[in-house]
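Report on the structure given below.
The values are calculated or read from the model by the stated rules, or taken from the named source; none is laboratory data. These numbers come from a predicted model, not from an experiment. Ideal geometry is used to build each Cβ from the backbone, glycine not excepted, and the neighbour counts take in all protein chains shown.
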Amino acid sequence: MMNELIQKLVEAYGPSGFEDHIRRLIRAEIEPFADEISVDALGNLIARKKGSGAGLKVMVAAHMDEIGVMATHITKEGFVRFTNIGGVSPHTLLGNRVEFDNGVIGIVFCDKIEDRNQVHPLNKHFLDVGASSREDCPISVGAAGVFQRNFLAQGDHLTAKSMDDRIGCVVAIETLKRLEDIPHDLYFVFSVQEEVGTRGALTAANHLLPDVGIALDVTLTGDLPEARPMAVSLGQGPAIKVKDSGMIAHAGLVQLMRRRAEEAGLPFQMEVLDGGTTDARSMQVAGPGCAAGCISIPCRYVHSQSETVSAQDVENGIKLLTAVLSQPIDL
Amino acid sequence: MNELLKQLTEAVGVSGDEKEIRLLIRDLIADHVAEWRVDALGNLIARKPGTGESSLRVLVDAHMDEVGLMITDVDSNGTLQFETVGGFDDRALLGKVVQVGPQKLPGVIGARPVHLLKPNQRQEIVKVEAMRLDIGAKNKDEAAGKVKIGDRAAFVTDYEEVADTAVGKAFDNRAGCAALIELLRGEPYPFDLYASFTVQEEVGLRGAQVVAYDIAPDAALILECTPAYDLPNEKDVSPNVALGRGPSIYVMDAGTIQDPRLVSHITRTAAAEQIPFQIRQPGGGGTNTAAIQKTGPGVPAATIAVPGRYAHTPTMMISLTDYHNVVKLADAALRRLTPELLQHR
C-alpha cells in the first residue's frame, strides 16, 4: 500500500523550480485529510490540519523538489549541454537517462575520456536526445530535466532516484492520514526549491510564522565500505538531527523527540551531519525565528539515481512524527 | 545620442555611496510618478499609479550602484591604498583612470611601465593589494588633505555611440535604470507600478532585500545588464548571450530559479510582439531577483537583461537595439500581466 504511494512519488517529475506536476500528485493524496489546502507564491503546497486550540503552531516541511539538470546550450549537431539543478555529481552520470517535462529522454555521456581515473566536470557532459541538428533538437535552452529510474523494493530496502525527499513527503502524507484529535495547529508544507538553497521553506515559514518547525528529510549513513565515519546506519531507525552544516537543532525539541521515541519503544539514532542541511535551517531563522528540528530517514547513495532507504525506518519515522505531533510539545 | 544613457552612465554611484546617481534619477522621474521616497538604506522607491483595472502590486527593480574602489589608507609618498567594491578581475584595473571622492579628483591606478619590468615580472599578474592609486600628491599630508579614508573612486568613461553600439561605463546597471525610467514615463499600467532604484546590489543584493520586504509585491520584474560573452570562440560549448540578438531572459542562475510562469509569459509576449530574445545561459551569476524572490512570503519574479560586453571593467558595450527591445518587452509583458497568470495550477 505504502509502496504504491512511494513509487508514484519517486517516479514523478519535479526538479527544483518546476514542481507543478509533483505538487498535483501530492495534493490529490492529501486533499481528503486536510482542513485547508493552499499554494503560496513560490509554489509551496500547504495543508493545514486544525488543532484543538491547546497546542502550538507547528510547521512540518518535506521538500517535493528533486535535483536535476538544465539545458544550457544545443550544439549544431543537436547535442544538449547542461548544468546542474542542485547537487549533481559528475560521478553519477555516464549512461544515465534524463527525462524532460515534454517526455523527451536524454542519454548522458561525456567528451573524450583521456584518463579513466579522472571524471570530467559537468560542463564536459552532454545529452543525446536523438536529434541530428540544433534545428531538430526537441530541447531548448532553459529546459529542466530529472534523472529517470524505476522504483525498486528489495527486502527491506527501497531504492529510487528521488527518495530525497519524496520519502519525506511520504512520511508527511502518512502522518497526516493517521493523526486524530491533535492539540496543535499543524501546517504540512510540501516545499519547493530545497535542493537549490532551502528557499521554499523560508518563504513558507515567513508566511506561517510557526512556533515549531520540523523538517522531514533524508540523511547520509556511515555504514558503507570505507565510508566516511558517521553514526547513522540504514535500518537502525529514524535519525533525530542534532546538527548539520546549516543548523543546530533546538535542544529542547531534540530531547522531546528522543523522549517520544523512547516512550513509544521506537528505534532511533542521533544524527550529526557534516555536510548538507535541510528546510529546518530556513524555518529556524525565518521571521522572528522558531524552534526547529528534523527527523531524518537514513539514506544510502544520496543524490545518485539509486537512493536507498529502509522501509522499517520509514514506518518508524511516521510513528515518531505521529507521536511528537499528537502530544503536547513542551519546550 | 541617447541622453538618458549618457547621463546615467556618466554619473557616479559606487555601492554604498549612491547619492549622486540617486539625485539624478530622482530628478529624471519626479514629474512622472505620484510619489517617491528614499528608504533607510538609500533605495529610491517610486509609485506610478495605475488605471485601477487591476489590484496587483508589481515591483520593477533596477540597481543603481556600480562597482568601484574605496580608499583605505594613504602611503607616506602620497599614493593611496584601496580596496575594490564589488567583483573585479584584478587585471582590469592597472593603468586605469578613476575619479576620487566627492570632488572627483582625477587619479590613476599606477602601473609599473613595461620598460622597468624584469622579464619574469611580465608573466605575473599584479594583485589588487599591491596596486596604488596616484592622485599626484607629493606626500602623505597633501594626499590626506584631498581625500578621506572611505572615499569611493569610480571609473571615468565618456559615453559614446558608434552606430548601434553604445560605449560607456556602468551599463551594469544604468541600462536597467534607463529602461525603468522609460517605463515610468510611459502610459499608466492596469496596476500601480512600484519602481525601485536599489543600492548595494554589487556587494550582495542588499538594497533589494529591504525594498521587497517594504513593498511586499505580488510579482516583481528585475531589469539588469548581463555579461555577454560573444567573442570568437573555437568550441561549440555553452556560449553566453550575444550583443544584438535581443533582450536576454533569465531561467536559472546561481541564486534563483526564475518563476516559470513569468518566464513563459515574457517569452510569449516577445513572440507576440515580434521582439527578438535570447535565453541567458543557465548557471552562474546572480541578480536582485535572488533577494526579492525569497523575501517575506515569497515573490514570483523574473529578470530581463540588456546583454553587455566587458562588465565590471571601465568600459562596457551594449547594443542600442537590444536596449530599446528590453524597454519594449518589459513594457508589453507588464501590460499583459494578470492576476490569473500568477495562480498556481
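See the values below:
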| item | result |
| --- | --- |
| Top-ranked residue of the stretch B:44-75 - restricted to ones that are in contact with a helix residue (DSSP H, G or I) (Cβ under 8 Å, 6 or more places away or on another chain), under 21 Å from B:Asp218 (Cβ atoms) and among the charged types (D, E, K, R), ranked as surrounded by the most Cβ atoms within 10 Å (Cβ to Cβ) | B:Asp61 |
| Selection count where residues are modelled with pLDDT of 95 or more and either away from chain B (no Cβ under 14 Å) or surrounded by fewer than 14 Cβ atoms within 10 Å (Cβ to Cβ) (or both), scope the stretch A:103-115 | 7 |
| Of all residues in the stretch B:250-296 being in a loop (DSSP other than H, G, I, E, B) and in contact (Cβ under 8 Å) with a residue 60 or more places away in the chain, the one that is nearest to A:Gly86 (Cα to Cα) | B:Gly286 |
| Tally of residues being within 19 Å of B:Lys19 (Cα to Cα) and assigned to a loop (DSSP other than H, G, I, E, B) across the stretch B:196-235 | 7 |
| Of all residues in the stretch A:57-77 being surrounded by fewer than 19 Cβ atoms within 10 Å (Cβ to Cβ) and part of a loop (DSSP other than H, G, I, E, B), the one that is farthest from the other protein chains (Cβ to nearest Cβ) | A:Glu77 |
| Residue, farthest from the other protein chains (Cβ to nearest Cβ), within the stretch A:174-200, restricted to residues that are in a helix (DSSP H, G or I) and in contact with a strand residue (DSSP E or B) (Cβ under 8 Å, 6 or more places away or on another chain) | A:Thr175 |
| Number of the condition not met by B:Gly186 [criteria: (1) of a type in the set (Gly, Ala, Ser); (2) surrounded by 20 or more Cβ atoms within 10 Å (Cβ to Cβ); (3) over 19 Å from B:Gly13 (Cα atoms)] | (2) |
| Identity of the residue in the stretch A:218-254, closer than 16 Å to A:Ala280 by Cβ and over 20 Å from the mean Cα position of the chain (by Cα), that ends up surrounded by the most Cβ atoms within 10 Å (Cβ to Cβ) | A:Leu253 |
| Identity of the residue in the stretch B:210-237, within 14 Å of chain A (Cβ to nearest Cβ) and at pLDDT below 95, that ends up nearest to B:Arg57 (Cα to Cα) | B:Tyr229 |
| Residue that is farthest from the other protein chains (Cβ to nearest Cβ) [pool: residues in the stretch B:305-345 that are under 30 Å from A:Leu25 (Cα atoms) and touching a strand residue (DSSP E or B) at 6+ places or on another chain (Cβ under 7 Å)] | B:Leu337 |
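This table checks each residue for (1) crowded, with 24+ Cβ neighbours inside 10 Å; (2) under 29 Å from A:Gly68 (Cα atoms); (3) without any contact (Cβ under 8 Å) to a residue 60 or more places away in the chain.
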residue	(1), (2), (3)
A:Gly275	no, yes, yes
A:Gly287	no, no, no
A:Cys299	yes, yes, no
A:Ser306	no, yes, no
